[in-house]
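Data block below; observations after.
The values are calculated or read from the model by the stated rules, or taken from the named source; none is laboratory data. Note that the structure is a prediction, hence the values are computed from the model and not measured. All Cβ positions, glycine included, derive from the backbone under ideal geometry; neighbour counts span all protein chains shown. For the accessible areas, the whole protein counts, side chains as well, though only heavy atoms, and no ligand, DNA or RNA atoms are used. Shrake-Rupley method; radii C 1.70, N 1.55, O 1.52, S 1.80 Å.
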Amino acid sequence: MRNIHFHIVTKVLLLSFIFTTTQLSSTVSLPAEVEEDCPPISNATNLQQTQLIQRLTHVCRYDRLERPIEYGKNGERLPVTVKARIYVYFLQNLNSDLLQFKMHALLQLSFNDSRLAYKELKRNDNIIGQKHLSERLWLPHIFFANERDSSILGTDEKDVLTSISPEGRVVISQRLQATLYCYMNFKKFPFDEQFCSTILESWMYNKTEMVLQWESYSPISFDPEMHLTEYNMQRFWYNETIVNSDGINLRHGSFVGNYSSLSFTVHLNREIGFYLLDYFLPSMMIVAISWVSFWLQADQSPPRIMLGTSTMLSFITLSSSQTKTLPKVSYIKVSEIWFLGCTFFIFGSLVEFAFVNTIWRRKENVELKKVNSKYIVKASLTPRPTRRDINKNNLARTRSCSSLDNITSSTESVLKGHSNPGYNNYLTVHNLPIITTECADTNSVTSERNSNCTDHVVNIDKDGRFEMNGGKDQETPADHTTFTTMTPQEIAMWIDRRSRFLFPVMFLAFNALYWTFVYCF
């Protein structure tokens, strides 16, 4: 019995010892579990940067989904202020057809996050890391509002640099390339000026949560070696604005409110040296070549037609090669005014050839009062018959067997009812300038009457009054107007000679008006 009792007591004591040991072990291991859940940062001077950032961003101290919170003097919650700076490495020439341009730049964002401050831990060096460090932090979500596409540059690893100061100042620097839209105006092409903007906006937080601001010192800077081939950058400026997003203007997804925005604009002026040498001077030469047809004879149709059509097609090809990279716009560009002007002069040389060739093929001469531009052009446009043809059509002649007195007495006898059958008197009046009466050759008229026969002319003035002149001693006054006769060939050559001078003078006047309009308006 003693042995049985001894074994029972021994087992009870053994179980008591095991239970006590287990309780002590659990009591001793509690601080280690607490330390594993929220590691201390009191010994920050002895920690490596990786260890320090791991402890600073531990879930017990830091929530990367929540923005840094700052409070004002009255305890109100203030928005986080994000400063921005951009350094432009490269600015590609504008793509006029797609209305966009490409930019390589360094975007730097900085803000204060008091949760990451470790200056009180007597450590003064900055924590520097790359993309893996930025992935542990809260970052402002900023996007390019006029972006077509963008990406972060880098080869093996993205070019992202993250720096944390002992005061909790976080600086994120990233090299990126972005293709941005630029809505251009080509009314003065190729003398146009373009204004292209880069717009950054907050995507998630409105202005009550986050405010974007440019850095106070040199917010925008450009690489000194940057050079544009087609454009010259005149100046640039930047500003800060507030963008409203509502149910209609969904700029920021399903969120509504006022969002902070940053933008900077570059003023680009197109270089015209290329267009002067490759478009304007060649087009002037093509127009001048079309005038060579004025030195060719009007009946030489094949060379003049070939010269006119070849210059027209050459100029159209030249113009299309300069404008093929431009978008199809509805308004008239300055380059199109030049195109229409040059086309007018080339087409005018063709029309001039058709005109002189038509005159050259006429067979009748043209009578002119004077040899000057007025009468030659008028006679060329509305050719008239010669004076000989006019006299044949406009002169009506009649014959009478009496003198002027006999004509008057015969008229009176007819009015009194008497008739004289021995004479045949005819008075023919046409609506013509001149009416002439002459002796009639009849067998019943004696030689005595024939001796008394005279020619009489009845003139009709402008008012319709008759004026009779008769007798052998009276003669019709002679027309002192002089006429010059020119052949159609002479008129055609005269027009060609005038065109050699008129077309260049008109083209010079067009150039003066064109360049005055370009530089003054």
Problem set entry | region 318-345: number of residues that are among the charged types (D, E, K, R) and either touching a residue at least 40 places away in the same chain (Cβ under 8 Å) or buried (at least 18 other Cβ atoms within 10 Å of the Cβ) (or both) | 1
Seminar exercise, completed: The lone condition THR162 fails out of (1) β-branched (Val, Ile, Thr); (2) modelled with pLDDT of 90 or more; (3) surrounded by fewer than 17 Cβ atoms within 10 Å (Cβ to Cβ) is (3)
Seminar exercise, completed: Given the conditions (1) assigned to a loop (DSSP other than H, G, I, E, B); (2) open to solvent by 40 Å² or more (accessible area, probe 1.4 Å), every one holds for ARG67 apart from (2)
Exercise. When the residues of region 185-206 are filtered to those that are open to solvent by 20 Å² or more (accessible area, probe 1.4 Å), hydrophobic (A, V, I, L, M, F, W, C) and closer than 29 Å to TYR275 by Cβ, which remaining residue is farthest from the chain's Cα centre (by Cα)?
Worked result: PHE195
For this session: Report, by residue number, each residue of region 112-145 that is under 30 Å from TYR259 (Cβ atoms), part of a loop (DSSP other than H, G, I, E, B) and within 53 Å of the chain's Cα centre (by Cα).
Result: ASP113, GLN130, GLU135, ARG136, LEU137, TRP138, LEU139, PRO140, HIS141, ALA145
For this session: Taking VAL371 as the residue in question, decide whether it is touching a residue at least 40 places away in the same chain (Cβ under 8 Å), within 17 Å of GLN489 (Cα to Cα) and either open to solvent by 50 Å² or more (accessible area, probe 1.4 Å) or outside any helix (DSSP H, G or I) (or both).
Result: yes
